[in-house]
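Trainee: Input: one structure, supplied below.
Nothing in this text is a laboratory measurement; each read-out follows from the coordinates by a stated rule. Because the structure is predicted, anything quoted here is derived from the model rather than measured. With ideal geometry, Cβ positions are generated from the backbone for all residues, glycine too; neighbour counts draw on all protein chains shown.
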Amino acid sequence: MMLSRRKVLFRLVPVCVTAVLAASSLLAQDSPVRKGRKYKPPPETSKITVQVSKKYNGKPIMNAAVIFNPYKDGKDIGNLEVKTDPEGKASLDIIPTGSLVRVQVIANGFATFAKDYQVDEATRDISIEMLRPREQVSSYRDNTDAPSERKWGVQEPVRPKSAEQKPDSSSSPQSSQPSPSDSSQQPAPKQ
């Protein structure tokens, strides 16, 4: 039984087309010309955990602002702020490994803390003990470790009271004439 030329062509064409497509796809993978972006893997990151506590009693400080400011190769990467939880812990796991990180801690009623840390390992635990505010350094007197005279928060200026100040007439009304209720209690003048 002999097949006609037309039937043979219809059977061979799909086989040839499939072979050509497979060969072209194999050749295209080795092609040096590619379109699109190259994949760049993200840098390795380190996890930093900061424990914030009070120096005088060791209790944790809740809601303290912990600010991370990483630098890598002399370039500022940006800054991130995290609040501490009820145990006084704040953690961040996106700091690039090998970077210099400035850690700042700001808490109400405590002096601001700032220190630089070199992060070369995968995890880093930092313990920070916060101090009460201290007096500013002065060239006129020695304020070393002296407690602050000013309290934290909004300060009202101290206004000395002068001896010449008179009481305000609006705050304590004084009348020169007796009121009608006072005249009924006084004895009537004799004639």
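Trainee: FRET efficiency for residue 87 and residue 115, Cβ-Cβ distance as r, R0 = 22 Å, nearest 0.05? Please list the in-between numbers first.
Mentor: Details: r = 21 Å, r/R0 = 0.96.
It comes out at approximately 0.55.
Trainee: Given H placed 1.01 Å from N in the peptide plane, which residues other than close sequence neighbours of residue 135 have an amide H under 5 Å from its amide H?
Mentor: 146, 148
Trainee: If amide hydrogens are placed 1.01 Å from N in the peptide plane, which non-local residues have theirs closer than 5 Å to the one on residue 46?
Mentor: Placed amide hydrogens put 95, 97 under 5 Å from residue 46.
Trainee: Lys pairs in the range 45-130, Cα-Cα under 24 Å, at least 8 apart or on separate chains: how many?
Mentor: 20
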